[in-house]
Amino acid sequence: METNKRLEQIRERQKRLEDNMKRIKHKIAILSGKGGVGKTTVAVNMAVALAEEGFKVALLDLDLHGPNVPRMLGLHDSPTIQNGFIVPVRYGPNMSVLSMGILVEEAQSIAWRGPLKHSAIQQFLADALWEDLDFMIFDLPPGTGDEAMSLMQLVKLDGVVLVTTPQRVAVDDVLRTMQFVQEMGQEVLGFVNNMAYLVCPHCGNRIDIFGEDASTTLSELIGLECLATVPLEPKLVKMLDAGKNAIMHMRGSEIERAFRQLVSSLIAKVWRDER
Ligand SMILES: Nc1ncnc2c1ncn2[C@@H]1O[C@H](COP(=O)(O)OP(=O)(O)OP(=O)(O)O)[C@@H](O)[C@H]1O
Ligand SMILES: [Mg+2]
């Protein structure tokens, strides 16, 4: 009897998850081989840029150990609960956000085992009140761990955007991650070449830290489309630490342009006259 009830609950959750996902037109995950290459930075700026373009966007932070999205967006509100369902936190009129970082207190650590992570991700997808959306962006921790695996088992994505820096060692990890994504039956849409060059703060000239053709070399090595080349912008670190994204707070900058370029490339890839 107990088992039947449990099975019924699992079926109901699966049904809610499927119904929720059907109402979201495009689902894009941000992933990398290496840690600290800029996934969350890309996810946050991409989501804000899409929302500014008028799309209905949700940003779902699936980095359960290190949820950095709330800090980068300067979010302090906790999600409310309505009839047992989580209400995602709003960020402007077109965007909503959900993250472990706003569900548990800052600096509180949780010991996650694989099955627990899977269940948390299922709850985010099934038991949150998601509205009808144009895009859901998933921020993932680095590598091919439980979070990426659970997401890719539970949701058919439009695809994955891989983030990398241009060093060969980072590229090696991208190749491994690409293989993982394909083995999970999902598509890689392209890559973002992050921290690729520096704009000199004195003369404004571009300094190609990794050589002029880093993007081309990367494309050739990886065999993937470069969706955007993003400069290394020292000011960005402080801005994001203070909850200020580049789209709204660094208007007219090279870095804002780079993230908008990424969004244009992605829209061209996934959007098929559905508006
Ligand atoms: N283009 C950039 N210019 C300058 N700083 C950047 C850039 N991209 C990211 N950063 C900074 O690098 C640090 C790491 O970025 P971020 O947290 O986005 O990486 P991540 O890949 O999500 O890391 P993790 O693997 O831990 O989740 C942050 O302090 C961020 O502000
Ligand atoms: Mg991150």
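The values are calculated or read from the model by the stated rules, or taken from the named source; none is laboratory data. Note that the structure is a prediction, hence the values are computed from the model and not measured. When we count neighbours, we look across all protein chains shown, and the Cβ atoms used for this are built from the backbone with ideal geometry, even at glycine. The accessibility values were calculated without ligands, DNA or RNA, using every heavy atom of the protein model including side chains. Shrake-Rupley method; radii C 1.70, N 1.55, O 1.52, S 1.80 Å.
I'd like the carbon and sulfur percentage of the solvent accessible area for region 9-192, probe radius 1.4 Å, heavy atoms only, ligands and nucleic acids excluded.
49 percent
Packing-wise, with mean Cβ within 10 Å as the measure, how do 132-139, 194-201, 260-267 rank, highest first?
Final packing ranking: 132-139, 260-267, 194-201.
How much accessible area does residue 156 have with a 1.4 Å probe, in Å² rounded to the nearest 10?
Surface accessible to solvent at residue 156 totals approximately 130 Å².
Please list, in chain and number order, the residues 5+ apart from residue 74 or on another chain whose amide H is under 5 Å from its amide H, with Hs placed from the backbone.
Under 5 Å from the amide H of residue 74 lie the amide H atoms of 243, each far enough along the sequence or on another chain.
Place a label point 7 angstrom from the Cα of residue 127 along the Cα-to-Cβ direction, then list the residues of region 59-94 whose backbone nitrogen is under 13 Å away.
Under cut-off, by backbone N: 81-87.
To the nearest 10 degrees, how steep is helix 168-183 against the longest Cα principal axis of the chain, on a 0 to 90 scale?
Once rounded, one gets 30 degrees.
Restricting to bridges with both residues inside region 9-192, how much of the DSSP beta-bridge set is antiparallel, in percent to the nearest 5?
Roughly 15 percent of the beta bridges in region 9-192 run antiparallel, per DSSP.
Divide by every residue of the chain the summed helix terms, -39500 (n - 2.57) for each DSSP H run of at least 4, and state the resulting mean residue ellipticity at 222 nm, rounded to the nearest 500 deg cm²/dmol.
-13000 deg cm²/dmol
Among 248, 152, 178, which one shows the biggest mean-square fluctuation in a GNM of the chain, springs joining Cα atoms closer than 10 Å?
248
From the Cα gyration tensor of region 180-265, with a ≥ b ≥ c the square roots of its eigenvalues, which class applies: rounded if a/c is under 1.5, or else prolate if a/b is larger than b/c, or else oblate?
oblate
Using 10 Å bins from zero, what percent of all Cα-Cα pairs in region 9-192 falls into each bin?
Spelled out per bin, shortest first, that is 9, 39, 39, 12, 1, 0.
Just the accessible area per residue of the chain, please: how many Å² with a 1.4 Å probe?
Spelled out: the 1.4 Å probe surface of the chain, per residue, equals 48 Å².
Shape call for region 33-103 from the C-alpha gyration tensor, a ≥ b ≥ c root eigenvalues: rounded (a/c under 1.5), prolate (a/b greater than b/c) or oblate?
Judged from the Cα gyration tensor, region 33-103 comes out oblate (a/c at least 1.5, b/c at or above a/b).
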